[in-house]
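Bear in mind that the values in this text are calculations on the coordinates, not laboratory data. The shown structure was predicted, so the numbers you read here are calculated from the model rather than taken from an experiment. Methodologically, a virtual Cβ is constructed for each residue, glycine included, from the backbone with ideal geometry; neighbour enumeration extends over all protein chains shown.
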Amino acid sequence: MSKQNKADGGAPFGGFHAGFSVLVGRPNAGKSTLTNALVGKKVAITSAKPQTTRHTIRGIVHREDAQLILVDTPGLHRPRTLLGKRLNDLVADTLAEVDAIGFCLPANEKIGPGDKFIAAQLAAVGRKPVIAIVTKADLVDRQALTEQLLAVAALGREVFGEEGWKDIVPVSATDGFQVSTVADVLISHMPPSPPLYPDGELTDEPEAVMVAELIREAALEGVRDELPHSLAVVVDEIVPREGRAEDNQLLDVRVNLYVERPSQKAIIIGKGGSRLREVGTNARKGIEALLGTRIYLDLHVKVAKDWQRDPKQLIKLGF
């Protein structure tokens, strides 16, 4: 099959470029927030708690002459559980398949052992363009941002030699500073290709996964630090309510939230079920926007003892 477009003077695919880029970084480096800002809509959950991303969410950035498919990943870290190892394996598999890598380092935190660990992993991937993205630029003043950019540049030379990173871009996903520049830089490393997804499509994640992520995000708000690692959300079914008029549709969304200990179940449910009702209320808005219709959300909390360390439980819960 010829890759030449005769109507465009022989330029491959009419000069169109498309490909995959992954955002990596230690937990809570701003990867999910940046993904959402680049796409222009929420496709990845965000939380002040580290380690909230469990699935690779593909967000799709559409341009007239390009398409950038963003893969958000769990934060790379030194794993302490079987789940942690599987999440790291997920990142490694993703790195091998993408066209460019964006390494997120927060502007408001000094470069630490975790960042150096990830940088070394990226240097071992091979000849993939790696762009250093200094996130959360809005949280520091100009002098502190300049100092962080210099430190990031030095880290690039340390792991990649004198060439260093392919690019270094400061960005703030919350106020939009240089978000389009990040997209421009990543797109510049995409190969000639026809569009890979239909125009207007923003993610290829199944609806059930997106629903589970929205519930998980709502459940993580305001809870103790240990809970994010112990919470898994599984959508049992999404079915239309029978006997409803065409102009008054309702979906029944039945969901199980799994924790590892009875004490964690009590935290999620709250006194008299108050916390679980709050989770449902907060998640329902996002789910209705996603599905485009009213829903009845039926949440149940169950205990799956030490599921992070149990291979059978991990498979059952989709990991």
TODO: May I ask you to order 105-116, 143-154 by the average number of other C-beta atoms within 10 Å around their residues, highest value first?
DONE: 105-116, 143-154
Task: Amide H contacts under 5 Å for residue 18, placed H, 5+ residues apart - done: 67, 193
Task: Burial ordering of 182, 301, 211, 125, fewest other beta-carbon atoms within 10 Å first - done: 125, 301, 211, 182
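Would you work out the charge dipole size for the stretch 207-316 about its Cα centre, treating the Cβ of every Lys and Arg as +1 and the Cβ of every Asp and Glu as -1, and quote it to the nearest 20 debye?
Working: 18 positive and 18 negative charges, 101 e Å.
The calculation lands at about 480 debye.
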- [ ] Quickly rank 96-104, 59-67 as a protection proxy: mean count of other C-beta atoms within 10 Å, highest first.
- [x] 96-104, 59-67
TODO: Sort 133, 268 so the one with the fewest other Cβ atoms within 10 Å of its own Cβ comes first.
DONE: 268, 133
TODO: List, in the order given, every pair from 265/285; 41/302; 116/265 whose Cα-Cα distance in the structure shown is over 27 Å.
DONE: 41/302; 116/265
TODO: Could you tell me what percent of the DSSP beta bridges with both partners in the stretch 207-316 are antiparallel, to the nearest 5?
DONE: 45 percent
TODO: Starting at the first residue of the stretch 107-119, write each ³J(HN,Hα) from the Karplus equation 6.51 cos²θ - 1.76 cosθ + 1.60 with θ = phi - 60°, in whole Hz, x for Gly and Pro.
DONE: 5, 9, 9, 4, 5, x, x, x, 5, 5, 4, 5, 4
Open item on the list: I need 246, 260, 158 ordered by Cβ neighbour count within 10 Å, fewest first.
Closed with: 246, 158, 260
TODO: Would you calculate the separation in nanometres between label points at residue 244 and residue 160, each defined as 7 Å from the Cα along the Cα-to-beta-carbon direction?
DONE: 5.0 nm
